[in-house]
Amino acid sequence: ESDTASEISFQFNRHKKTPSIGSHSSDMASVSSVSGSVLSVYSGDFGSVDAQGTVEFALDYDEKNREFQVHVSQCKDLAVVDEKKGRSDPYVKTYLLPDKARMGKRKTSVKKRTVNPIYNEILRYKIEKMVLLIQKLNLSVWHNDPLGRNSFLGEIEIDLASWDWSNRKLNWYPLKPRSLSAVNGVDHRGVMSLSIKYVPPGSLGKWPKNPPSGEVHIWVKDVKDLLQLRPSGVDSFVKCYVLPDTSKKSYQKTRVIKRDTNPVFNHTIVYDGFHTEDLKDACVELTVWDHEKLTNHFLGGIRLGLGTGLSYGISVDWMDSTQEEVAFWQEMMLAANEWIEGLLPLRSL
């Protein structure tokens, strides 16, 4: 997914309070589609049925078109979801891990009232071969529920680095229960070292030293253990927004550090227009990207805020800070004019 398409906007009428962040007076607020448009690879109902049966598929890489192809043939002896009616409505879904947000999901059609569905469909990914070889293929089978509560029927996970690419034949594989890595939520994308500080309005004496409104200072120091998308490393940079504002006034970015999975940025960003009450409703989103000529690849990010799910009384999906991120933000709120240091894991927002 190109980073130029990583934000979508919606309009809403503000009630009572207008945020003063960056003195931006527009009625537009934005939601990052990195979180909004990508469902979890493991969303759904896992407890209703036991995984059973087999799936037949083949893998191939088309060198000419630079395309990874998953030929999903059929399944046999799947679990029955609706025992009263003796039916399952199965479909097959695939992800490339760990970067499921960037590559997205692919899925077959739904075959109704069968535990032995036949698909003969090809799921395609446009991806460079060397990038593909550091991915894992997650192929899972699901029962399609009209109300959206789909049931997990089993999965298989394949390390593509060790795959025999001369094997283009259809083969049968047993479906397994939900993987241990999924249960533990393993999705290591690296760790960001940073410091933040809040300068309240009126706290530094007389103007010009004293800002007319508060400031949030963000010092991005370095990132360690980024995903290595190329043998030479990764060309990374950090983007920053103060949500809900995703205007050009809010957008900041660091320089690009080339060929390094442990880049040192040492970059400070300052946002003014912050009143103390805005800290409850705003969220600082820092995302790390791999820079390429045609498209920038999302590597991971953090969101610093209170994680309440609300911003100025509006329900938003980007106010989803983890416990660590919330604690970091709260410590900044309680210690005015002091740098707060943190080491936070990147995640697939």
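The values are calculated or read from the model by the stated rules, or taken from the named source; none is laboratory data. Source: prediction; values computed, not measured. Cβ sites come from the backbone with ideal geometry, for glycine too, and all protein chains shown count toward neighbours. Just so you know, the surface numbers come from the protein's heavy atoms only, side chains and all, with ligands and any DNA or RNA stripped out. Shrake-Rupley method; radii C 1.70, N 1.55, O 1.52, S 1.80 Å.
If amide hydrogens are placed 1.01 Å from N in the peptide plane, which non-local residues have theirs closer than 5 Å to the one on Asn296?
Sorted by chain and number, the residues that satisfy this are Asp3, Thr4.
Check which residues have an amide H placed less than 5 Å from Arg87's amide H, if you skip close sequence neighbours.
Val81, Asp82
Please enumerate, by chain and number, the aspartates and glutamates with C-alpha under 13 Å from the C-alpha of Lys197, excluding those fewer than 8 residues away in the same chain.
Partners found: Glu215, Asp272, Glu331, Glu338, Glu341.
Label-point separation (nm) for Lys258 and His217, each offset 7 Å from Cα along Cα-to-Cβ?
With each label point 7 Å from Cα toward Cβ, the separation is 3.2 nm.
Of Lys64/Lys126; Lys76/Lys176; Lys112/Lys176; Lys64/Lys258; Lys126/Lys293, which sit over 20 Å apart, Cα to Cα?
Those over the limit are Lys112/Lys176; Lys64/Lys258.
If you consider only alpha-carbon coordinates, what radius of gyration and Dmax does region 245-345 have, in Å?
Gyration radius and largest Cα-Cα distance of region 245-345: 14.9, 43 Å.
Across region 285-300, in residue order, what do the Karplus-derived ³J(HN,Hα) couplings come to in whole Hz, using 6.51 cos²θ - 1.76 cosθ + 1.60 with θ = phi - 60° and x for Gly and Pro?
Along region 285-300, the couplings run 9, 10, 10, 9, 10, 8, 8, 9, 4, 8, 7, 9, 9, 5, 10, x Hz.
Find how much the distance from Val80 to Asn337 grows on full extension, using 0.36 nm per residue of separation minus their present alpha carbon separation; answer in nm with one decimal.
86.5 nm
Accessible area of Ile134, 1.4 Å probe, to the nearest 10 Å²?
Only protein atoms counted, so the area is about 80 Å².
For the residue pair Thr295 and Glu128, what label-to-label distance in nm results when each label sits 7 Å from Cα along the Cα-to-beta-carbon direction?
Distance between label points: 1.3 nm.
From largest accessible area down, sort Ile340, Ile122; use a 1.4 Å probe on the protein chains.
Per-residue accessible area, sorted high to low, gives Ile122, Ile340.
So what is log10(I(q)/I(0)) for region 39-182 at q = 0.18, 0.20 1/Å, when the Debye sum runs over its Cα atoms only?
The computed values of log10 I(q)/I(0) come out as -1.02, -1.25.
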